[in-house]
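See structure below.
Every read-out reported here was derived from the displayed coordinates using simple, explicitly stated rules and does not represent laboratory data. This is a predicted model, so every value here is computed, not measured. FYI the Cβ positions are ideal-geometry reconstructions off the backbone, even for glycines, and counts take in every protein chain you see.
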Amino acid sequence: MVAECKALIAGLNAAIDLELKQLCFYCDYYSLYQFVTGRWLPKKRKVAALLRQITHLQARFDSCYPRLVARHDIKFAFKLAREAIVPQITQTEDPVPMKLNETCVICYEDCDVNRMFAVDGCLHRYCFSCMKQHMEVKLLQGLVPKCPHKGCMIDLNVDSCTKFLTPKDMATMRQHLKEASIPVSEKVYCPYPKCSALTTKGEALEYTRDVIGSANQSGLRKCMKCHGLFCINCKVPWHNLVSCSDYKGSSNLELEDVKLKSLASTCLWRQCVKCNHMIELAEGCYHMTCRCGHQFCYKCGVEWKVKKATCSCPLWGEDCIWNNDNNRELDLDGIYLDEEEEEEEEFYDSDDEHYYI
């Protein structure tokens, strides 16, 4: 049914490009005829979306209606098609350029082909608007955007997205790509809240030696962005004249640290044991992945290994499930998708004028 609807949409678009005002289209598929005439209502949301697009296209004609015919009675259509195609092939004059449209498979809107984005590496195509929304959501989640096609794992190229991404989004994407390229064991984040710049252990060591003259064994490092001093072992601002072991065993925390730990305890936040980054679970499962790459259980804090839990905590908590009353999945434009949308074959016989299910 989806293929039949898309074929009809392509035909209606071709008729619109030819600036036809009145149109009668012959339909040899009984179910499609019933849907288009409004006698049947679709149960599948994808089919319903396509039928709404068909209705919208029909409204652009002064007159547009379907006519049901038997499958063995459509040979004349092929004859008409051949008669229309042959003159175009033999025509010597340059054809008048026509505006070419393409249907985005996410929003089902007809877009100018120049407003369609082809993903490098797989060539899946989507409109600029859908790609922009997809990438903004992924960047907001702290992820490197991939091709939105189901099952496709191609990373999007930041340089090819300049037509629809803002400079801020471009900078964010480059930052995420940099983070993804650094091994988890080599990542170092500046502990100052207003900075949080990412670097590697090697870069931090080399920069500190160049600026200070030497990076002593106590773990002193200098941030390349804000130039603040910090301890790479404790992952905190530099604790001058205090060893790492003494600092970790000291109860004399800064007032800001005391407030933060109190707030974290009240709000049930978790602190990553690898980078000390504070994490809050807004919604979703208890499997957490920190910005440094460390994976752990939000419920108990135990590390996940090889993408598997090492604790006996449940994966979900009812208080953290978003849209708990709805177990269906949302696509990019907010349409609920059925778990499986298999084509249903409809078998029927026909005579010259009637069809029988």
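When the chymotrypsin sites (Phe, Trp or Tyr not before Pro) in the stretch 217-249 are filtered for DSSP coil states and for at most 11 other beta-carbon atoms within 10 Å of their beta-carbon, no site remains.
In straight-distance terms, cross-link reach from K150 covers every one of the lysines whose alpha-carbon lies under 20 Å from its own, apart from those fewer than eight places away in the same chain; here that gives K6, K44, K46, K132, K138.
Placing +1 on the Cβ of each Lys and Arg and -1 on the Cβ of each Asp and Glu in the stretch 183-252, which of Y189, L241, L205 has its Cα farthest towards the positive end of the resulting dipole? Positive-end residue among those listed: Y189.
With the highest mean first, a sort of the peptides 306-313, 122-129, 192-199 on other beta-carbon atoms found within 10 angstrom per residue produces 122-129, 192-199, 306-313.
In loop segments of the stretch 99-163 as defined by DSSP, the GluC sites (Glu not before Pro) with at most 16 further C-beta atoms inside 10 Å of their C-beta are E109.
Which of rounded, prolate, oblate describes the stretch 183-252, given a ≥ b ≥ c as roots of the alpha-carbon gyration tensor eigenvalues and a/c under 1.5 marking rounded, otherwise prolate only if a/b is larger than b/c?
Numbers: a/c = 1.62, a/b = 1.35, b/c = 1.19.
Prolate shape, in that a/c is at least 1.5 and a/b is the bigger ratio.
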